[in-house]
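Student: Sending over a structure as structure tokens; questions will come in a sec.
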Amino acid sequence: MPGDLALSVIDDADDPRIAAFRDIRERDLTGRQGRFIVEGTVVLRMLAAAHKAGRDFEAESILILENRLAGVADILEQFPPDVPVYVAKASVLDAVVGFHLHRGILALGKRKTESTMVETIRRLPQSSLVLAGCGISNHDNLGAMFRNAAAFYADAVFMDATCCDPLYRKSLRVSVGSVLSVPYHRGGGAVEMLEALAAEGFDIWSLSPAGTEEIRQIPASNRMALVIGTEGDGLPSDVLARFHTARIAQSPQLDSLNAGTASGLALYQMASAIGRV
């Protein structure tokens, strides 16, 4: 048992102390206004690291299946002692969340602060690689994009207002918690977002099957931004007309790759070009 944490046994699914965890699938659809649900050991560890490092995220409470408690004791000990840890049997936990939760580990997190786009850009190092998403509506793709950003040393992720919320439970899980470690900003229009990056010295490379430069041929520069559009429609025409375009060479039998795969391939190449991998 974690020594300094306040452990409380929950034996009633209607206990008001765990109300935030009730029916999480339905509540995910309506949003949580800066709060989010963490699921599983890997993402819980990332939340603990973010909380301990004083980054933008903190934990408000934790709900764990009783037979998983010992296995995550080392993670729980990283949270401040005032974060309550609730423990429940499987039948109670399933009744709380509304489905069988085989991972048995949940936490309620909160984003403490949210910077403007310009503030986020100006915190970046002088030599920067960033990923930008336009209209990414698939939570799996967005989570994969954050995971790729973390894997290939991107300094931040920017999303226009039409992108889905990266703090959605599935995006967080697919990102293996990278949403909590990679700085990001979401909001505004696509062109506005990219022009703000360009004004701060970023070379903008919009990925498209019809891009003028193959991704291996784009020149390295001190500040680079890779732009990914939604699967199907791709990037808006005004984005493609305004900024450099790049493509990934592939079989003509397919018209494009999904956003998650494309971002991984292109980020790896760009990170290689500037000596990050």
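The values are calculated or read from the model by the stated rules, or taken from the named source; none is laboratory data. Small disclaimer: the values here were computed from a predicted structure and weren't measured. In this analysis, Cβ positions are derived from the backbone assuming ideal geometry, glycine residues included, and neighbour counts consider all displayed protein chains. These area figures cover heavy atoms from the full protein model, side chains too; ligands, DNA and RNA do not enter into them. Shrake-Rupley method; radii C 1.70, N 1.55, O 1.52, S 1.80 Å.
Student: Positive end of the dipole of the stretch 134-174, charges at C-beta (+1 Lys, Arg; -1 Asp, Glu), about the Cα centre: which of A151, A161, V174 has its Cα farthest in that direction?
Tutor: Positive-end residue among those listed: V174.
Student: Each label point is 7 Å from the Cα along the Cα-to-Cβ direction; what then is the distance between the points at L265 and A90, in nm?
Tutor: Taking the simple label geometry, L265 and A90 are separated by 4.2 nm.
Student: Once you order the gyration tensor axes a ≥ b ≥ c over the Cα atoms, which shape class does the stretch 218-277 get: rounded for a/c under 1.5, otherwise prolate or oblate by comparing a/b with b/c?
Tutor: oblate
Student: If packing is taken as the average count of other Cβ atoms within 10 Å, what order do 251-257, 98-104, 19-25 fall into, highest mean first?
Tutor: Descending mean neighbour count gives 19-25, 98-104, 251-257.
Student: Run the numbers on the stretch 44-123 and let me know its relative contact order in percent, using alpha-carbon pairs under 8 Å that are six or more apart.
Tutor: Value for the stretch 44-123: 40 percent.
Student: What full-extension length gain, to one decimal in nm, is calculated for R22 and A73 as 0.36 nm per residue of separation minus the Cα-Cα distance?
Tutor: 16.0 nm
Student: Counting Lys and Arg as +1 and Asp and Glu as -1, each charge on the Cβ, what is the dipole of the stretch 128-277 about the Cα centre in debye, to the nearest 20?
Tutor: 500 debye
Student: Farthest toward the dipole's positive end in the stretch 85-142, which of Y86, V118, F99, given Cβ charges of +1 (Lys, Arg) and -1 (Asp, Glu) about the Cα centre?
Tutor: It is Y86, whose Cα lies furthest towards the positive end.
Student: Grab the DSSP H runs of the chain that are 4 residues or longer, score each as -39,500 (n - 2.57), total them, divide by all residues and round the 222 nm result to the nearest 500 deg cm²/dmol.
Tutor: -8500 deg cm²/dmol
Student: Okay, moving on. Can you give the extra length, in nm with one decimal, that the chain gains between K52 and D82 once fully stretched, where that is 0.36 nm per residue apart less the Cα-Cα distance?
Tutor: 9.5 nm
Student: Something else about it: Using a simple charge model, +1 on the beta-carbon of Lys and Arg, -1 on the beta-carbon of Asp and Glu, nothing else, what dipole does the chain show about its Cα centre, in debye to the nearest 20?
Tutor: Taking the Cα centre of the chain as origin, the dipole is about 420 debye.
Student: What FRET efficiency comes out for the pair E214/R276, r = Cβ-Cβ distance, R0 = 22 Å, nearest 0.05?
Tutor: 0.65
Student: Return the carbon/sulfur percentage of the accessible area of the stretch 156-212, one whole number, probe 1.4 Å, all protein chains in place.
Tutor: The C+S portion of the solvent-accessible surface of the stretch 156-212 is 52 percent.
Student: While we're looking at this one, here's another question. In whole Å, how far is the Cα centre of the stretch 250-277 from that of the stretch 147-191?
Tutor: Here the two parts' Cα centres lie 17 Å apart.
Student: Tell me, what is the FRET efficiency for D203 and D233 to the nearest 0.05, using R0 = 25 angstrom and their Cβ-Cβ distance as r?
Tutor: Given R0 = 25 Å and the Cβ-Cβ separation, E is 0.55.
Student: Now for a separate question. Computed from these coordinates, which is semi-axes √(5λ) of the Cα gyration tensor in Å: (1) 38, 19, 16; (2) 31, 28, 17; (3) 46, 21, 14?
Tutor: Comparing each candidate, only (1) matches the computed number.
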